[in-house]
1. Quick check on my filter: what residues within the stretch 101-125 are among the hydroxyl-bearing types (Ser, Thr, Tyr) and closer than 25 Å to residue 82 by Cβ?
2. For residue 77, all conditions in the list (1) closer than 22 Å to residue 241 by Cβ; (2) β-branched (Val, Ile, Thr); (3) without any contact (Cβ under 8 Å) to a residue 24 or more places away in the chain hold save one; what is the number of the exception?
3. Scan the stretch 62-77 residue by residue and report those that are buried (at least 18 other Cβ atoms within 10 Å of the Cβ) and not hydroxyl-bearing (Ser, Thr, Tyr).
4. Just to be sure I understand the filter: pairs with C-beta atoms under 6 Å, separated by 6 or more residues or on different chains, first member in the stretch 84-97 and within 17 Å of residue 218 (Cβ to Cβ), second member of a type in the set (Ser, Thr, Tyr) and assigned to a loop (DSSP other than H, G, I, E, B). Which pairs pass?
5. Does residue 117 meet the test of being within 24 Å of residue 226 (Cβ to Cβ), buried (at least 19 other Cβ atoms within 10 Å of the Cβ), of a type in the set (S, T, N, Q) and touching a helix residue (DSSP H, G or I) at 6+ places or on another chain (Cβ under 7 Å)?
6. Say whether the condition of being over 29 Å from residue 60 (Cβ atoms) and either touching a residue at least 40 places away in the same chain (Cβ under 8 Å) or under 16 Å from the mean Cα position of the chain (by Cα) (or both) is met by at least one residue in the stretch 98-120.
7. Please pick out the residue among 48, 54 that is surrounded by fewer than 19 Cβ atoms within 10 Å (Cβ to Cβ) and at pLDDT 95 or above.
Amino acid sequence: MGMGPLLVDVALVPSEVRPAWRELVCIVVDVIRASSTIVTLLDKGCRSVYTVGSVAGARALAREKGWLIGGERNGLTLRGFDFGNSPFELQGVNLCGEKAVLTTTNGTKVIKKVAFSRAVLVGCFLNASACCRRALELAREHGTGVGIVCAGEKGRFVLDDACCAGYLVKTLLHTGKEMGLNLAVSDAARAAHRLFDSYPDIRSCFMESGSGRRLVEIEREEDIASCSRVDVSDAVPVLINSSPCEFKPLT
């Protein structure tokens, strides 16, 4: 007897993550910019990225271990940090063999919320195809579904994360068909898919979102272009430890 359909679900805000998500393969999305930064750090050669919710905790861990430290609050790079929450800032940087600690306003907190899931991956436009294929492989292996959780903004819905989730749903459906999988799509996943398709391009969505407008305000518009690139990375960050949260590239 064949396996039944695999569910594709989306939590448009973190509070929509239910206890049943414990059984799902989870993709965390904070596209502007934590997801994109974590993917870029691993793509640039980092061995591990540790995500920490508090600034003090991040400073203490980086100081104790001698690791690099990056992050932001309200979009701005923190004083004394090696880098901000910025994929653009990391372009051209060789981080081969390094370990890094990252703390951000939203993304690093939502990771803790879903750390109990069957597997936790980080997804964005940069690694969409690689992330979706690996998520489906894991879902098939465990006989479960895929849940995409949007980090949002301090618990609230944000347009950019929902739009990215919609693209990931679209990619999961395309990849699932290639893999011969039967996928069942929740209403939230279907709505996110339609939302993505309503925009002519990714930048248009970003420029309408509060996160995108904030980047323009703080003169970091180059990150909008950096986060808008599609399938430029095969790095798929996977959570391997939850205290502190440690991501390594999935091989």
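The values are calculated or read from the model by the stated rules, or taken from the named source; none is laboratory data. For clarity, every value in this text was computed on a predicted model and none was experimentally measured. Note: ideal-geometry Cβ built from the backbone for every residue, glycine included; neighbour counts use all protein chains shown.
1. If the condition is that a residue be among the hydroxyl-bearing types (Ser, Thr, Tyr) and closer than 25 Å to residue 82 by Cβ, then 103, 104, 105, 108 are the ones that fit.
2. Condition not satisfied by residue 77: (1).
3. 62, 67, 68, 69, 70, 71, 72, 75
4. 85/104
5. Answer is no for this residue.
6. Yes; the residues of the stretch 98-120 include at least one that is over 29 Å from residue 60 (Cβ atoms) and either touching a residue at least 40 places away in the same chain (Cβ under 8 Å) or under 16 Å from the mean Cα position of the chain (by Cα) (or both).
7. Details: 54 fails: at pLDDT 95 or above.
Answer to the check: 48.
This table checks each residue for (1) within 14 Å of the chain's Cα centre (by Cα); (2) within 24 Å of residue 207 (Cα to Cα).
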| site | (1), (2) |
| --- | --- |
| 131 | yes, no |
| 141 | no, no |
| 145 | no, no |
| 149 | yes, yes |
| 164 | yes, yes |
